[in-house]
Amino acid sequence: MNAWLTIGLLIISNIFMTFAWYGHLKLQDMKIFTSSTPLYIVILVSWGIALLEYSCQVPANRIGFQGNGGPFSLMQLKVIQEAITLVIFTVFTVVFFRGESLHWNHFAAFVCLILAVYFVFMK
């Protein structure tokens, strides 16, 4: 149960993280922000979103970490988080930034990440 809860929280966290880091670029496309919007406003909005990210990321790590009774080592948590980040970012990019496209090298990188997850779980 802790494994699924950890992964679910990591997914939610990464959704917020992606919007915090890259969402302002889409908001600029939508004319909600403009290139003349002061950077501190963009940063404050991003920090607000990042607070939601941390509200999921920190519990995910605490629940999932073996030292707290969870199923994952610290290295496993990090590799899972990175794999989730790449998937969430890819979906975000393809859905919200229609001009971006996936190429063969992106898929090769995905395969490498999947292999990283595999190797980190090997005994």
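The values are calculated or read from the model by the stated rules, or taken from the named source; none is laboratory data. This structure is a prediction, so every number in the text was calculated from the model and none was measured. So basically every Cβ, Gly included, is an ideal-geometry build from the backbone, and we count neighbours across all protein chains shown. To get the accessible areas, we keep the full protein, side chains included, count just its heavy atoms, and leave off ligands, DNA and RNA. Shrake-Rupley method; radii C 1.70, N 1.55, O 1.52, S 1.80 Å.
Report yes if SER46 is small (Gly, Ala, Ser), within 16 Å of the chain's Cα centre (by Cα) and under 16 Å from VAL91 (Cβ atoms), otherwise no. Write out each step before concluding.
Values: small (Gly, Ala, Ser): yes; within 16 Å of the chain's Cα centre (by Cα): yes; under 16 Å from VAL91 (Cβ atoms): no.
It is false that SER46 is small (Gly, Ala, Ser), within 16 Å of the chain's Cα centre (by Cα) and under 16 Å from VAL91 (Cβ atoms).
One residue is enough: does segment 83-94 have a residue meeting the conditions over 11 Å from the mean Cα position of the chain (by Cα) and among the aromatic types (Phe, Trp, Tyr)?
Within segment 83-94, none of the residues are over 11 Å from the mean Cα position of the chain (by Cα) and among the aromatic types (Phe, Trp, Tyr).
Quick check, is LEU5 touching a Pro at 6+ places or on another chain (Cβ under 9 Å) and part of a helix (DSSP H, G or I)?
Numbers: touching a Pro at 6+ places or on another chain (Cβ under 9 Å): yes; part of a helix (DSSP H, G or I): yes.
Yes.
For segment 1-39, enumerate the residues that are modelled with pLDDT under 95, open to solvent by 80 Å² or more (accessible area, probe 1.4 Å) and over 21 Å from GLY99 (Cβ atoms).
Within segment 1-39, MET1, SER36, LEU39 meet the criteria.
Would you please list the contacts, defined by Cβ atoms under 6 Å and residues six or more apart or on different chains, that run from a residue in segment 79-94 that is more than 13 Å from PHE16 (Cα to Cα) to a residue that is open to solvent by 30 Å² or more (accessible area, probe 1.4 Å)?
That search, which allows pairs on different chains as well, returns VAL79/ALA116; VAL79/VAL117; VAL79/VAL120; ALA83/LEU113; ALA83/VAL117; LEU86/LEU113; THR93/GLU100.
Pairs only if they're at least six apart or on different chains, beta carbon under 6 angstrom, first in segment 97-123 and in contact (Cβ under 8 Å) with a residue 24 or more places away in the chain and open to solvent by less than 80 Å² (accessible area, probe 1.4 Å), second in a helix (DSSP H, G or I) and among the β-branched types (Val, Ile, Thr); list them, first residue then second.
As it stands, the answer is ALA116/VAL79; VAL117/VAL79; VAL120/VAL79, since those pairs meet every condition given.
If ILE49 passes every condition in (1) out of contact with any helix residue (DSSP H, G or I) (no Cβ under 8 Å at 6 or more places or on another chain); (2) more than 27 Å from MET1 (Cβ to Cβ) but one, which one does it miss?
That leaves (1) as the condition not met.
Hey, PRO59 hits all of (1) surrounded by 11 or more Cβ atoms within 10 Å (Cβ to Cβ); (2) without any contact (Cβ under 8 Å) to a residue 24 or more places away in the chain; (3) not aliphatic (A, V, I, L, M) but one; which does it fall short on?
So the condition that PRO59 fails would be (2).
Which members of segment 63-81 meet the condition of being exposed (fewer than 15 other Cβ atoms within 10 Å of the Cβ) and either of a type in the set (Val, Ile, Thr) or in a helix (DSSP H, G or I) (or both)?
We begin by selecting, within segment 63-81, every residue exposed (fewer than 15 other Cβ atoms within 10 Å of the Cβ); these are 66-69, 74-75, 78.
GLN66, GLY67, ASN68, LEU74, MET75, LYS78 - these are the residues of segment 63-81 that are exposed (fewer than 15 other Cβ atoms within 10 Å of the Cβ) and either of a type in the set (Val, Ile, Thr) or in a helix (DSSP H, G or I) (or both).
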